[in-house]
Amino acid sequence: KTRIFSGIQPSAGSLHLGNYIGALMQWRDLQDDYDAVYSVVDMHAITAPQDPAELRANTRATAAQYIAAGVDPSKSTLFIQSHVPAHAQLAWVLNTITGFGEASRMTQFKDKSARQGAEAASVGLFTYPMLMAADILLYDAQVVPVGDDQRQHVELTRDLAARFNSRFGDTFVVPEARILSETARIYDLQDPTSKMSKSAASDNGLIRLLDDPKRTAKKIRSAVTDTEREIRADRQAKPGVTNLLSILSAFTGTPVSALEGSFQGKGYGDLKGEVADAVVAELEPVRARTLELLDDPAELDRLLAVGAERAESIASETLAKVYERIGFVPRT
Ligand code: ATP
Ligand code: MG
């Protein structure tokens, strides 16, 4: 089976609708046909200011949401990144073959460091893409299913893999991004031109998997639309309506074009009502299952330990090969 790798940062307690549609739903579908490795990437989460007790809780909560959304720990390798030290070790090696200028061109760094303030942004935020490259390359992942926002990082990963291979001999599999369709990209309900994000400024535009269903429905009913009346997808002219149609399409499996037809003669209130019902129906069981899993942290930790062991056995082999190729003296 083809190996795939993907991860989400535990940068908040609850994942959001964008993570769910853009990542978790796909991960669930991919795990039957692929050898899937899914990680809670806690080492990435410390590139932004964080609180230790919150990080610990968020990391377990994120793992629980993977499982609640259908990631099956007996089919996929599910683990916490910091449990496998090879991630940090390979990231260091990759740092040494990355150009400073090359890393400076990463748009996520530019966006996030601008938000944190250029002086406040850490060197860890700057080297984030090389840690992500290590995540992928350690597992010989051929495919990396990610949202379009991660395209540039996967490109860098490919460049680094090819560069290492040509300098030190064939070592890494050069991975390919599997970028989701545009309809899998979910936007902020209050600001539908920017993507829904855990670190978004406003709360009302963010649909959290663990929010109370009433609150979720209310946020959807107050989503920003436009002053027209027509229900059709047009990312430029009608970003709010288009976003609602994407969400409904993801949960009903009906293509956006068919939804446009079915809403002819209906108003934005009808659209919002249907979206709210679909989202609540989908998320309700995910929320309930997450809370159940968090009620038994020992069992959750046990599942994660099994995953860490499996991950480590793959990762340590790759790291040993890298250390040998690069000229480190083996410890005997
Ligand atoms: P942060 O603000 O901490 O970066 P995030 O919401 O961007 O959080 P990530 O952990 O960076 O989440 O991304 C996890 C996965 O979710 C990635 O595959 C990413 O492409 C996907 N993803 C994130 N936001 C969206 C979105 N709005 N729509 C679709 N997919 C998304
Ligand atoms: Mg992100």
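The values are calculated or read from the model by the stated rules, or taken from the named source; none is laboratory data. Remember, it's a predicted structure, so these values are computed and weren't measured experimentally. Cβ coordinates were reconstructed from backbone atoms using ideal geometry, including for glycine residues, and neighbour counts include every protein chain displayed. These accessible areas exclude ligands, DNA and RNA; they are computed on the full protein's heavy atoms, side chains included. Shrake-Rupley method; radii C 1.70, N 1.55, O 1.52, S 1.80 Å.
Some observations on this one:
- Helix 52-68 axis, angle to the chain major axis (alpha carbon atoms, nearest 10°): 70 degrees
- Long-range amide H partners of D234 with built H, under 5 Å: T242
- Based on Cα contacts under 8 Å between residues 6+ apart, the chain shows a relative contact order of 22 percent.
- Shape of region 104-202, Cα gyration tensor, a/c cut at 1.5: oblate
- Rounded to the nearest Hz, the phi-derived 3J(HN,Hα) couplings of region 132-147 under the Karplus curve 6.51 cos²θ - 1.76 cosθ + 1.60 (θ = phi - 60°) are 5, 4, 4, 3, 6, 6, 4, 9, 6, 5, 8, 10, 10, x, 9, x, where x marks glycine and proline.
- Net charge, N19 excluded, C-beta distance under 12 Å - Lys, Arg +1, Asp, Glu -1: +3
- Overall, the anisotropy analysis places the chain in the prolate class: the square-rooted eigenvalues a ≥ b ≥ c of its C-alpha gyration tensor yield a/c not less than 1.5, with a/b exceeding b/c.
- Local net charge near A237, Cβ-Cβ under 12 Å (Lys/Arg +1, Asp/Glu -1): -1
- Near the amide H of R178, within less than 5 Å, lie the amide hydrogens of V144, V146, all on another chain or at least 5 residues away, with H placed in the peptide plane.
- For the chain, calculated [θ]222 nm from helices alone, where every DSSP H run of n ≥ 4 adds -39500 (n - 2.57): -16500 deg cm²/dmol
- For the options L137, L294, L206, a Gaussian network treatment of the chain with springs between C-alpha atoms closer than 10 Å singles out L294 as fluctuating the most.
- A 1.4 Å probe run over the chain, with the rest of the protein chains in place, finds 46 Å² accessible per residue.
- Full-stretch length increase - D29, R115 - with 0.36 nm per residue and alpha-carbon distance subtracted: 27.5 nm
- Where trypsin sites (Lys or Arg not before Pro) fall in DSSP loop in region 282-332, at most 15 other Cβ within 10 Å: R331
- Shape category assigned to region 1-89 from the gyration tensor of Cα positions, a/c cut at 1.5: oblate
- Protein accessible area in region 1-95, 1.4 Å probe - carbon and sulfur %: 50 percent
- Each residue of region 31-44 was assigned a 3J(HN,Hα) from its phi angle through the Karplus expression (A = 6.51, B = -1.76, C = 1.60, θ = phi - 60°), giving 5, 6, 9, 10, 8, 9, 10, 10, 10, 8, 8, 5, 5, 6 Hz with x at Gly and Pro.
- Low-density loop positions, GluC sites (Glu not before Pro), region 228-332 - DSSP coil, at most 15 other Cβ in 10 Å: E228, E230
- Computed over region 1-110: relative contact order in percent, which uses C-alpha pairs under 8 Å that are six or more apart: 33 percent
- Apportionment of accessible area to carbon and sulfur, region 183-331, percent (1.4 Å): 51 percent
- Crossing angle, helix 151-168 versus the chain [Cα axis fit, 0-90 degrees, rounded to tens]: 10 degrees
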